[in-house]
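Notes follow the structure.
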Amino acid sequence: MSSPFDDLLGQIPIADIAKQVGVDPSVAESAISQILPSLVGGMASNAQDSDGAESLTKALAAHQGTLDSRKSVKNIDTADGDKIVSHVFGEKKNDVVKAVSSSNGVGKDIIEKILPIVAPIVLAWIANQFFGGNKKSTTTKSAPSGSGGGIGDLLGGLLGGGSGGGDLLGGLLGGLLGGKS
C-alpha cells in the first residue's frame, strides 16, 4: 500500500528536475524525498492559526486543477515557487535548506534550486486532495477559527503517512517552525 507521500512523489518529474539542476536522478529523488515533508510540515505549521489556514486555503484554491500542467519542468513557474517557499518558511528558509541538505548529503545550492520547482507541484497536489479532484471548485472548504481545520487535518494526515522524511521532520521543523505563523 502506498503512502500519500509516495503518491505525491510519483507526481514529480524527478528525471526532468535532475537534468535541469545538473544532478543524477537518484540525487534529485533523495533531495525531493527530504524536501516534501519539510514543505508539507511548513504548511501545516502555518495552518495552525486561522490567518495561516485562510492564506493557505486561498493559495490552494489558486493552484487547484494545475497539477497536470506541472508534469513538465518547463511548465513550472519557479518565481511562483520562490514565493511559495518564502511564504511557507519565512525567515527560516535558509535554516530549512541547510538542515535538509545536511540530512541527505546534497548541497545547499541543489536544494535551493529544487525547492522552487517542487513547491508549486506540492501545492497543486495538496489542492487536489483538499478540494477533491483536478477540477477548479467553486466552493472553498473553510477552517474553524483558531485551527487548521480541514487543511490542518489533511496536512496532519499527510505528515503521519510520510515515508522516510518523518524523522527529519520531527527534529527539524519542530524547532525551526514551531511558533511561526
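Of the cross-linked pairs LYS71/LYS108; LYS71/LYS113; LYS92/LYS113; LYS83/LYS113; LYS19/LYS71; LYS19/LYS98, those separated by over 20 Å at the C-alpha level are LYS71/LYS108; LYS19/LYS98.
Would you mind ranking VAL40, VAL21 so that the residue whose beta carbon has the fewest other beta carbons within 10 Å leads the list?
By the 10 Å Cβ count, ascending: VAL21, VAL40.
Just so you know, all these numbers are worked out from the coordinates, no wet-lab data involved. Just so you know, these numbers come straight off a predicted model, no measurement behind them. Because the Cβ atoms are built from the backbone with ideal geometry, glycine has one as well, and the counts that use them run over all protein chains shown.
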